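Heads up: the structure comes next, in structure tokens.
The values are calculated or read from the model by the stated rules, or taken from the named source; none is laboratory data. No experiment lies behind these values; they were computed from the predicted model shown. With ideal geometry, Cβ positions are generated from the backbone for all residues, glycine too; neighbour counts draw on all protein chains shown. Note: accessible area is taken over every heavy atom of the protein model, side chains too, but ligands, DNA and RNA are not part of it. Shrake-Rupley method; radii C 1.70, N 1.55, O 1.52, S 1.80 Å.
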Amino acid sequence: MAMTWNNCFSSKRYGIDKATRDTRSDFERDWDRIIFSSPFRRLQNKTQVFPLPEEIFVHNRLTHSLEVASVGRSLGGLIGEKIATLADVEKDVDAATFYISDLKYVIAAACLAHDMGNPAFGHSGEEAISKYFKKRDRSNQPDDITFKQLFSPAEWKDLITFEGNANALRILTMKQNGRMKGGFRLTYSTLGSIIKYPCASLASVKGILHRKKYGYFKIDEDVFLEIAQELNMIRDADAGPEIGYQRHPFVFIVEAADDICYNIIDFEDAHRLGILSYDEVRDSFLSIIAADPKANMDSVKRVADDLSGDPNESIAYLRAKSIGALIYKCTGVFWENRDAILAGTFEKSLIDAIPELERPLKKIATISRQKIYNARKVVELEIAGFRIMSGLVEDFVTAALTPAPLREKEHQKILELLPTQYTFDEAGSPYTKVMHILDFISGMTDLYALKLYRKLRGIEM
């Protein structure tokens, strides 16, 4: 069945057969289930970009996710109102109601969940997990069996390119020991909206937007295929023998909300920390606001100058105006390219498809690389995070993959630290055991990972 605006959404829940009556819509309940969950709360102690200083509050993964959800709700509301005016949608009461009333909740919930799969210390954590397996492959196992040969090609690719996006889908859908089937039991619409790269790891290809990374682990393949089928997602013929699909249209909205926030918010945080000057941030934000034809630039500059006695307040005002301008422009890009987005032929992010913002956003990206992401505190955190996560993966994976009769007392004690929901069947495959270990490690907060690392090495008791 071809994907249309009328059949690309579903209020059905993954892992549950019947609907539950409630005063809230199914999509509002997705938001509630995420925001009250432990994995979401743990984002408060996961680094966004900067270390968490005591003197100045900067964004962590939790505050970032909440702000992305706010922007996503606005984008979903504006775009939903436009889609509801399409002739085929207007004729379908359920579809029209969904786009007018519910799309904004789907996008907001997906935005809340989009970073839940990121391990402690962000991309350093992902890289540390991946590098452990690459490094381990260089040593041989007994009987000359290489470590890599313990896994299938698809399983191995998952491990050497550990992906937070795939991990988010796993967290939301997996049945942990002692927990209910279906994980969070979210609607298929919300789950489809977070799958930024709808393909297997072996199908990922640099340079192709929707296959630049991958969206699910091999162990979760059936989950992904069920979501793709329910939402009538389009198979990507260019993926060859591997599993690959075109992006779901709602993914572009979630991605835009994330792009808007991190482009703007990292700049605001850098100003508060004294990494960027007031004039540098002010001028960058004004260049973005100027792209909005509705903006009265004389008035904007006057208000910003009036607030300049408190530079942080002035930048906060310009930040709000910049986000408003980007929401307006991204809504326009989605609407202008809606047919290509639905057909799976649109190969740009919404924010990258705004010609008048190409130069100012490129300048922001350059400054971010040079002055923010290479700031000493950021680099120090990345190095520390890399070493901490590498050490934990080594400790737990070594213990898990050592056959039970050969385990030393240290190995056994390490495995006793696994919470019940992450314990594994000794008869399971090496890949299954490793995934249970990574479920545990990737869910750690920065502080918990640091403390556990120090304890396992006898640095603190």
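Does Ile129 satisfy the condition of being open to solvent by 30 Å² or more (accessible area, probe 1.4 Å) and either of a type in the set (Phe, Trp, Tyr) or assigned to a helix (DSSP H, G or I) (or both)?
On the way: open to solvent by 30 Å² or more (accessible area, probe 1.4 Å): no; either of a type in the set (Phe, Trp, Tyr) or assigned to a helix (DSSP H, G or I) (or both): yes.
So Ile129 fails the test.
Quickly run through the range 133-152 and pick out the residues that are at pLDDT 90 or above, open to solvent by less than 40 Å² (accessible area, probe 1.4 Å) and either part of a helix (DSSP H, G or I) or more than 29 Å from Gln421 (Cβ to Cβ) (or both).
Within the range 133-152, Phe133 is the sole residue that qualifies.
Residue check: is Tyr245 open to solvent by less than 10 Å² (accessible area, probe 1.4 Å) and not polar (S, T, N, Q)?
Judged against the criteria, Tyr245 is not a match.
Filter the range 82-103 down to the residues that are open to solvent by less than 70 Å² (accessible area, probe 1.4 Å) and more than 15 Å from Cys8 (Cα to Cα), then identify the one that is farthest from the chain's Cα centre (by Cα).
Going through the qualifying residues, I end up with Ala87.
In contact (Cβ under 8 Å) with a residue 12 or more places away in the chain, closer than 28 Å to Gly117 by Cα, surrounded by 22 or more Cβ atoms within 10 Å (Cβ to Cβ) and not hydrophobic (A, V, I, L, M, F, W, C): is that true of Gly77 in this structure?
no
Just to be sure I understand, how many residues within the range 32-58 are in a loop (DSSP other than H, G, I, E, B) and modelled with pLDDT of 75 or more? Show your work before the answer.
Going residue by residue through the range 32-58, those that are in a loop (DSSP other than H, G, I, E, B) are 36-37, 46, 48-58.
Next, only the ones that are modelled with pLDDT of 75 or more stay: 36-37, 46.
Total meeting the criteria: 3.
Out of everything in the range 325-341 that is of a type outside the set (Val, Ile, Thr) and within 22 Å of the chain's Cα centre (by Cα), what residue ends up being surrounded by the fewest Cβ atoms within 10 Å (Cβ to Cβ)?
Only one residue tops the list, namely Phe334.
Tally time: how many residues in the range 360-376 are in a helix (DSSP H, G or I) and in contact (Cβ under 8 Å) with a residue 40 or more places away in the chain?
Summing the residues that are in a helix (DSSP H, G or I) and in contact (Cβ under 8 Å) with a residue 40 or more places away in the chain in the range 360-376 gives 9.
Any residue at all in the range 436-447 that is among the aromatic types (Phe, Trp, Tyr) and open to solvent by less than 20 Å² (accessible area, probe 1.4 Å)?
Yes, the range 436-447 contains a residue that is among the aromatic types (Phe, Trp, Tyr) and open to solvent by less than 20 Å² (accessible area, probe 1.4 Å).
If you scan the range 372-414, which residues turn out to be farther than 20 Å from Phe440 by Cα and under 24 Å from the mean Cα position of the chain (by Cα)?
Answer for the range 372-414, where residues must be farther than 20 Å from Phe440 by Cα and under 24 Å from the mean Cα position of the chain (by Cα): Ile372, Tyr373, Asn374, Ala375, Lys377, Val378, Val379, Glu380, Leu381, Glu382, Ile383.
Looking at the range 287-307, I want the residues that are under 22 Å from Lys362 (Cα atoms) and have a partner that is among the aromatic types (Phe, Trp, Tyr) with Cβ atoms under 8 Å, at least 6 apart or on another chain. Which pairs are those?
Asp292/Tyr328
Could you please let me know if Glu336 is in contact with a Leu (Cβ under 6 Å, 6 or more places away or on another chain), closer than 28 Å to Glu81 by Cβ and not hydrophobic (A, V, I, L, M, F, W, C)?
no
Considering only residues that are in a helix (DSSP H, G or I) and surrounded by fewer than 16 Cβ atoms within 10 Å (Cβ to Cβ), which ones fall in the range 301-315?
Lys301, Arg302, Val303, Asp305, Asp306, Asn312, Glu313, listed by residue number.
Give the number of residues within the range 420-435 that are among the small types (Gly, Ala, Ser) and either assigned to a helix (DSSP H, G or I) or open to solvent by 60 Å² or more (accessible area, probe 1.4 Å) (or both).
The qualifying residues number 1.
Could you check the range 197-234 and list, in sequence order, the residues that are open to solvent by 10 Å² or more (accessible area, probe 1.4 Å), farther than 18 Å from Lys157 by Cα and modelled with pLDDT of 95 or more?
Listed by number, the residues that qualify are Val223, Leu225, Glu226, Gln229, Glu230, Asn232, Met233, Ile234.
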